[in-house]
1. If Lys and Arg each add +1 and Asp and Glu each add -1, what is the summed charge of the other residues whose beta carbon sits under 10 Å from the beta carbon of Asp72?
2. Let me know the shape class of the chain, please: from the alpha-carbon gyration tensor, a ≥ b ≥ c as square roots of the eigenvalues, rounded when a/c is under 1.5, otherwise prolate if a/b is greater than b/c, or oblate.
3. Contour minus end-to-end for Trp42 and Val30, with contour as 0.36 nm per residue of separation and end-to-end as the Cα-Cα distance?
4. Run the quick spin-label model on Ile19 and Ser3: label points 7 Å from Cα toward the beta carbon, then report their separation in nm to one decimal.
5. At 7 Å along Cα-to-Cβ for each site, give me the label-to-label distance between Asn10 and Lys84 in nm.
6. Evaluate the charge dipole of the chain about its Cα centre and quote only its size in Debye, nearest 20, assuming +1 on the Cβ of each Lys and Arg and -1 on the Cβ of each Asp and Glu.
7. If we count every other residue with Cβ under 15 angstrom of Pro34's Cβ, Lys/Arg +1 and Asp/Glu -1, where does the sum land?
Amino acid sequence: MSSKYGAIANYLNEQSGRIREMRFSEIEDVLGEPLPDSARRWTAWWLEAPSNSSTHTQARFGWHAAGWIVRDVDIEGERVTFHKA
């Protein structure tokens, strides 16, 4: 199964450091399309799903596929910080 979020995985795979902070606009550039409204409204969109449900599609096919996790989300500042797991 492919996902549009695979572009984030590809991008993160190319990063040499262990921490990468990105503006939402940078992520949209990588994706080639806007993030959904929920990404700008809810921190939970970026974070792990509860243990009793499956991981969010954007995490599973995006940053998790590249071995990264989200450590911080700033909704108001429109930034997210990824860490290499």
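Each reported figure results from applying straightforward, stated rules to the coordinates on display, with no laboratory input. Everything numeric in this text was worked out from a predicted model, so none of it was measured. Because the Cβ atoms are built from the backbone with ideal geometry, glycine has one as well, and the counts that use them run over all protein chains shown.
1. Spelling it out: positives minus negatives among the neighbours equals 0.
2. Since a/c stays below 1.5, the shape of the chain is classed as rounded.
3. Value of the extension gain: 2.3 nm.
4. 2.6 nm
5. About 2.1 nm, to one decimal.
6. Taking the Cα centre of the chain as origin, the dipole is about 300 debye.
7. Cβ neighbours under 15 Å give a net charge of -2.
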